[in-house]
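The values are calculated or read from the model by the stated rules, or taken from the named source; none is laboratory data. Everything quoted here is computed from the prediction, not taken from an experiment. Note: ideal-geometry Cβ built from the backbone for every residue, glycine included; neighbour counts use all protein chains shown.
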Amino acid sequence: MSSVRRSKPNKTYRERSQNPTTRPFGLLEKHKDYVLRARDFRNKQTQLKGLRERAYHRNPDEFYFGMIHAKVKHGAHQDERLNNYSNDFILMLKTQDLKYVQNLRNIERKKITKLKESLHLLDQGVQIPDNRKHQTGEDDGPSTSRPKHTVFVDNEEELEKFDPAKYFDTVPELTSRAFNRPRVQQLETVSIPKLSVKRQQKQEKERDAVYQELLSRLDRDKQLAVVEKELRLQRSVHDKGGKTKLGTDEDGVPIIKFHPIRKK
């Protein structure tokens, strides 16, 4: 009989709508909310009563060995950590952390390289802003992955009169391309489909997304480089010999001078 009663669908819980006169005061407390609040209050009062009884019946001369390495700070108990680890064990932990950070940096560098290569494909014939070149490292020295076409002239007068579009026999919009630069005669015979405005906006949006990802990964690689430098320094500090702290560098990493060790 009980199984039949449990198999029946339960009655849907419904609440009356709030009175329009009390609606400006916000949601009012229901009886079920009061029950939860009252039970929570009673449980807290019971715990406080038990703590008061334990404090009343406490032996003032009680002692536990855990009290040797414990103290009370701002009314809270704190256990002191014992330095039971040897210098070799700490050095091994630092080595594992350093290898982990180096692995992360290698992964980030590979992703950065792929993003730069994809940007080279997206930016063929597109003028890259100078601030983006500086942020993404596009102008840091000559790039071997981005081909260039160098033209030599005899004097300054030819340099001033030099016209890339006329020299390469192409349109001015394609002079920035270093390879696969079609000539004017080829452009007249081939029909090039024009991209719609919507398609151009989509390509610009994709290019901006790649730039943002590249900037974030470059920033992450810079942060990992600082962490790697810090871990290398911590490993070196555990070595034998005298050390003197000279200050900190621009990344906030301490500069340590290691005294020379005389070899026997």
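Below are the figures for this structure:
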item	result
Selection from region 1-54 of residues that are in a loop (DSSP other than H, G, I, E, B) and surrounded by 10 or more Cβ atoms within 10 Å (Cβ to Cβ)	GLN18, THR22, LEU28, LYS30
Count of residues meeting criterion [closer than 21 Å to LEU119 by Cβ and either in contact with a helix residue (DSSP H, G or I) (Cβ under 7 Å, 6 or more places away or on another chain) or hydroxyl-bearing (Ser, Thr, Tyr) (or both)] in region 211-246	9
Where LEU224 falls short, out of the listed (1) at pLDDT 85 or above; (2) under 21 Å from ASP88 (Cα atoms); (3) hydrophobic (A, V, I, L, M, F, W, C)	(2)
Tabulated pairs, region 194-209, first without any contact (Cβ under 8 Å) to a residue 24 or more places away in the chain, second surrounded by 10 or more Cβ atoms within 10 Å (Cβ to Cβ), C-beta under 9 angstrom, 6+ apart or interchain	LEU195/GLN203
Close pairs (6 angstrom Cβ cut-off, 6 or more residues apart or separate chains): surrounded by 10 or more Cβ atoms within 10 Å (Cβ to Cβ) in region 56-69, outside any helix (DSSP H, G or I) and not hydroxyl-bearing (Ser, Thr, Tyr) anywhere	HIS69/GLU80
Top-ranked residue of region 238-257 - restricted to ones that are over 20 Å from VAL226 (Cα atoms) and surrounded by 11 or more Cβ atoms within 10 Å (Cβ to Cβ), ranked as farthest from the chain's Cα centre (by Cα)	LYS243
Top-ranked residue of region 184-221 - restricted to ones that are over 27 Å from ARG109 (Cβ atoms) and among the hydroxyl-bearing types (Ser, Thr, Tyr), ranked as modelled with the lowest pLDDT	SER191
Residues of region 238-252 satisfying the condition of being out of contact with any Leu (no Cβ under 6 Å at 6 or more places or on another chain) and assigned to a loop (DSSP other than H, G, I, E, B)	ASP239, LYS240, GLY241, GLY242, ASP249, GLU250, ASP251, GLY252
